[in-house]
Each structure stands twice: as C-alpha cells, then as structure tokens.
Amino acid sequence: MADLAIDTSTSYLSLAIIKGDITLYEQNVFSLKLHSVLLPKEIERALGITKERVERIFVAIGPGSFTGLRVGISLVKGITLFSNISVIGVPTFDGLAYNLPVEGKIFIVMRYRLSKAYYGIYRAEDRKWICEKLGVAEIEELPRLVTDERIVIVKEQNYNEIASMFQHPTLITPRASLLVIPGREMEPSKLEELEPIYIEPSEAERLMAYD
C-alpha cells in the first residue's frame, strides 16, 4: 500500500506516489488550465508504473489557483467517496516550505493575480516548519513585509518580476511528495469539510456580491 499526493494549486500539476519514506514516482507538468484533463491520466499512469494500491491521498488545499484547487479536491472526493481511502487536506504552503532545509525563517511568495501575491511566513521549530502567517498583498508591498526571513519564490507565471525585487531569492516549484511531510501529522479530513483555502474570495464570488 502507498500514498498518493496531488498538488494542483499552481500552473504545475504535481503528483507523487510515496511508500514509507521512499518516493516511487513523482511528476511535475506545467499544464496551465489543463489540470482537469491531465490529472486523471497522470494518476492512472503513476499507478500503472508503480503497481501500487493507494491507502491515503494527500491533496493540497491552498491558497493557490481557484480553479486548480477545485479540480484537485473534486477529483479526490470522487475517487474516495465509496472507498476506504483516507484523505488528508494539506495547506499548499506547508508543503512548499519543505523545499528548504528546516532552519531559520522563510518568506514564501506565490503570484496569483496580475498585481497580487499570496505569501506565507514560516519559522523552524523542532525540525519542522511552523506557519506564522498566511496572507495576500499587492506585489509592490511585498518588500515592506519582509524582516529577516529568507525569500522563497514559487516559479509561477511571471515570477521574475517578483524575484527582481529581492537579492538572491530561492526559486522553487511545487512537489506533491512534500505534502506528505506535514500531512502525516494531520488527521484525515471529512469529505464534506474538505474545501480550498482561498484567503480572498474567488472572482465568481466577488461578482455575486455585487448582484
């Protein structure tokens, strides 16, 4: 039995099969808006290669792309609805943090609109990354939010503009296998309570508010 990890929070579709402490399979596909088309095929391909049966699914729940998160979470709900497979929803930035050695403090930035970005501030404690804050800010405001943290930038679309605002930032991409590190300490999620972390309302929700 193995774990399946899925991250559709960004323009990358990231998927991994993990057994114990070994990553048997991991694939990152820059798929833009094609997550709904590619994800079922990628899962089938991964399971076909590894020949493993899935015991648990770790899925990124945001913040991130509104559409991408819905695709990943909806598919996971469909897969597990009539099965004994456990689901653990993991905040996206909790997994992203483990791209870095666990030491000091980090400031993770992910662009999500033309002029805005999500950010997360994490500190190292007992060999774990602890989230101090998740937020959203205008891109031009980001430098003023940083104190002594290392800057970590997700290679989302047009990330270079943000990278140019800081000296020697670390650039990362999502890796679904990293969701398992914080996820293993979390309780399984109830399917009816498994929802994305948006921080801000989606475009559709904003439009409805004006009706």
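Values in this text are rule-based calculations from the coordinates and carry no lab data. Source: prediction; values computed, not measured. Cβ: placed from backbone, ideal geometry, glycine included. Neighbour counts: every protein chain shown.
Taking other C-beta atoms within 10 angstrom as a stand-in for reagent exposure, Asp7, Asp21 fall in the order Asp21, Asp7, fewest first. Helical runs (DSSP H, four residues minimum) scored at -39500 (n - 2.57) apiece and divided by the length of the chain put the mean residue ellipticity at 222 nm at -7000 deg cm²/dmol. The lysines within cross-link reach of Lys41, meaning a Cα-to-Cα straight distance under 18 Å and a gap of 8 or more places when in the same chain, are Lys33, Lys51, Lys77. Sequence-distant or interchain residues sharing an amide H contact under 5 Å with Leu171, placed H: which? Hits under the 5 Å cutoff: Ile153. Footprinting exposure proxy ranking of Val37, Val146, Val90, fewest other C-beta atoms within 10 angstrom first, gives Val37, Val146, Val90.
Classify segment 75-127 from the C-alpha gyration tensor, please: rounded if a/c falls under 1.5, else prolate or oblate depending on whether a/b exceeds b/c. It is oblate, given that a/c is not under 1.5 and a/b is not larger than b/c.
Look at the dipole of the chain built from charges on Cβ: of Ala46, Leu145, Pro174, the Cα furthest out on the positive end belongs to Ala46.
Of Gln27, Gln167, Gln157, which has the largest mean-square fluctuation in a 10 Å C-alpha GNM of the chain? Highest fluctuation of the listed residues: Gln167.
What is the sum of charges around Leu34, taking Lys and Arg as +1, Asp and Glu as -1, for the other residues whose C-beta is under 12 Å from the C-beta of Leu34? My count for the surroundings of Leu34 gives +1. Largest GNM mean-square fluctuation across Glu42, Glu185, Glu55, computed for the chain with C-alpha springs under 10 Å, falls on Glu185. Calculated from the alpha-carbon coordinates, the chain shows an Rg and a Dmax of 16.9, 51 Å respectively. The angle separating the long axis of helix 66-80 from the principal Cα axis of greatest extent in the chain is about 20 degrees.
The alpha carbon centroids of segment 165-203 and segment 135-161 are separated by 17 Å. Relative to the longest principal axis of the Cα atoms of the chain, the long axis of helix 35-50 lies at roughly 50 degrees.
Here r is the Cβ-Cβ distance between Ala124 and Tyr198 and R0 is 35 Å; the resulting FRET efficiency, rounded to 0.05, is 0.80.
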